[in-house]
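Undergrad: Starting off with a structure, shown below.
The values are calculated or read from the model by the stated rules, or taken from the named source; none is laboratory data. Here the structure is a predicted model, which is why all the values come from computation and not from measurement. Here Cβ is always computed from backbone atoms with ideal geometry, including for glycine, and neighbour counts include all displayed protein chains. What goes into the accessible areas is simple: the full protein's heavy atoms, side chains included, and nothing from ligands, DNA or RNA. Shrake-Rupley method; radii C 1.70, N 1.55, O 1.52, S 1.80 Å.
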Amino acid sequence: ALCIQQTVMAGKAAYVACNVYVSAGRQGGAPILLDVLAKAQQRCQYLRRHKVTASPERNDHTGTKIAHTKQLHPIALVHAFADVPYDRSSFHLAGTADCVADVASLIATQALKGLAKIFDPVKATCNSSEPDEEPGSRHPYVGIVDHVAVMPLLNTYEKSTGTRTDDSFQVSFEAPDANGQTAIQIGQAISEVGAKVYYYGSADPDYTPLAQVRRECTKFFKSGGLKEESKVDTHATGGIYGVATVGAPSSFVENYNIRLSATCSKTMARSLTKIVREKDGGIVGVEALTLPYSEGRYEVACNLLDPERGSADMILKAATKWAENHGGESCIDKAYRVGTTAEQCIGALSNTDVDEHDKAVYHRFTNYMSSSA
């Protein structure tokens, strides 16, 4: 069991961003996911009414000094996204570390408890009367709440500390930053429900990267659309809830996908993946996977670990150049973001019409879940 000991942050509040990824995005899980979103928005509304925040000069996620003329809200549910072919949803928050920990924990625990009632761990999807026409297009996953990332946004604090103690080994670990401390809080809430939690980044004593945790501790790279055809998706550990990877990257991470047309083979898609992926000599800070999508199409799914140096525009430029040698721009069906940017998060926190923003987020999420992409 993990015991969290926390100390009060010195100085001003830290603003962080948080992405919660859930392994459900189709109609079978729609009622539960919409309820989770509604409850999260209600909790945000409550916290905005009862929390007071200041608006001094701040450092943004790049360390640049910025000044806000508007008072920032303590919490915003910036975006919610569902991808039907991938059978995956994500909820994107921004706000003070304590408020983000509160709302992200609510999202994760409500999703775990609600979806566990209808989740089939053998089929790796929510039970539904509708046939599963394309099981091979599912996004890789390791649990119902698959991944939680807490990222620095606005550093307005002097120092923050948090301690995680693993009673089994009598090891104490002090999180070095606000996003690491927040990730530990969320991970604790998830583990209390019953899921197995693996930490990464500054929430882990060894600062282990997410990709390494997924490779060494989970079956992420052998699940969903990446699994061998003869294999069946199952959780590695954690029973019905499965595993959650929870952590804190050192900078704001963006997600950007290139969806290719059905004329592009898997070999062609993999060649684009290698062009953009840093470890193959591609763009700085870019991790990329070739994933099967729907209707015989593939996607190159990218994590931008350093979007200041390896941006979405750079990925699109490289993909466009690649397409010129593979049949033209018609090779690319769509290039799109899955989550948010730091600028988008800050914009939501300074939005003066938060009620309209919340309505728009809910409406778009409903539309995502009814779309076949």
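Undergrad: Per-residue HN-Hα couplings for the stretch 284-299, Karplus 6.51 cos²θ - 1.76 cosθ + 1.60 at θ = phi - 60°, whole Hz, x for Gly and Pro?
TA: Once rounded to whole Hz, the list reads 4, x, 9, 9, 8, 10, 8, 10, x, 10, 10, 6, x, 9, 10, 10.
Undergrad: Would you grab the residues whose amide H sits under 5 Å from the one on Tyr298? Only those 5+ places off in sequence or on another chain, please, with H modelled 1.01 Å from N.
TA: Leu260, Tyr293
Undergrad: How do Leu154, Leu289 stack up against each other in accessible area, from largest to smallest, with a 1.4 angstrom probe?
TA: Leu289, Leu154
Undergrad: Using a 7 Å offset from the Cα along the Cα-to-Cβ direction at both Lys317 and Glu295, what is the distance between the two label points in nm, to one decimal?
TA: Roughly 3.1 nm, to one decimal.
Undergrad: Give a residue-ordered list of calculated ³J(HN,Hα) values for the stretch 87-99 (Karplus: 6.51 cos²θ - 1.76 cosθ + 1.60, θ = phi - 60°; whole Hz; x for Gly, Pro).
TA: 6, 8, 10, 8, 10, 10, 10, 8, x, 5, 4, 5, 5
Undergrad: Let's see if you can work this out: charge +1 on each Lys and Arg Cβ, -1 on each Asp and Glu Cβ, no other charges. What is the dipole magnitude of the stretch 252-320 about its Cα centre, in debye to the nearest 20? Display every interim value, and only then the final one.
TA: Numbers: 9 positive and 9 negative charges, 66 e Å.
In total the dipole reaches around 320 debye.
Undergrad: Treat each spin label as a single point 7 Å out from the Cα along the C-beta direction, and report the Gln71 to Ala211 distance in nm.
TA: Going by the 7 Å Cα→Cβ label model, 4.4 nm.
Undergrad: Sticking with this structure for a sec: With a cut-off of 8 Å between alpha carbons and a minimum separation of six or more residues, what is the relative contact order of the stretch 247-373 in percent? Provide the component values of the computation, followed by the final result.
TA: Values: 183 pairs, mean separation 36.6, N = 127.
Once normalised by length, the contact order is 29 percent.
Undergrad: Need the full-extension length gain, Asn325 to Ala262, defined as separation in residues times 0.36 nm minus the C-alpha distance. One decimal, nm.
TA: Full extension of this stretch gives 21.0 nm more.
Undergrad: Can you find, among Thr340, Leu272, Val284, the residue sitting farthest towards the positive end of the charge dipole of the stretch 259-373, where Lys and Arg contribute +1 and Asp and Glu -1 at Cβ?
TA: Towards the positive end, the residue furthest out is Leu272.
Undergrad: Largest first, how would Ser294, Ser350, Ser330 line up by accessible area (1.4 Å probe)?
TA: Of Ser294, Ser350, Ser330, the descending order of accessible area is Ser330, Ser350, Ser294.
Undergrad: Tell me the label-point distance for the pair Lys117, Phe221, using the 7 Å Cα-to-Cβ offset, in nm and rounded to one decimal.
TA: Roughly 3.8 nm, to one decimal.
Undergrad: When the chain is fully extended, how far beyond the present Cα-Cα distance does Gln27 get from Tyr46, taking 0.36 nm per residue of separation?
TA: Values: separation 19, 0.36 × 19 = 6.84 nm, distance 2.91 nm.
3.9 nm is the gain from fully extending Gln27 to Tyr46.
Undergrad: Express in Å², to the nearest 10, the accessible area of Met268 obtained by rolling a 1.4 Å probe over the protein heavy atoms while all chains stay in place.
TA: Its accessible surface works out to 50 Å², give or take rounding.
Undergrad: Could you work out, for the stretch 190-312, what percent of all Cα-Cα pairs fall into each 5 Å distance bin, beginning at 0 Å and stopping at the bin that holds the largest distance?
TA: It works out to 2, 10, 16, 19, 20, 17, 11, 5, 1, 0, in whole percents.
Undergrad: Run the 1.4 Å probe and let me know the accessible area of Asp206, rounded to the nearest 10 Å².
TA: 130 Å²
Undergrad: Further question on the same structure: Computing the accessible area with a 1.4 Å probe over protein heavy atoms, can you report the carbon and sulfur percentage for the stretch 277-356?
TA: Carbon-and-sulfur percentage of accessible area, whole number: 45.
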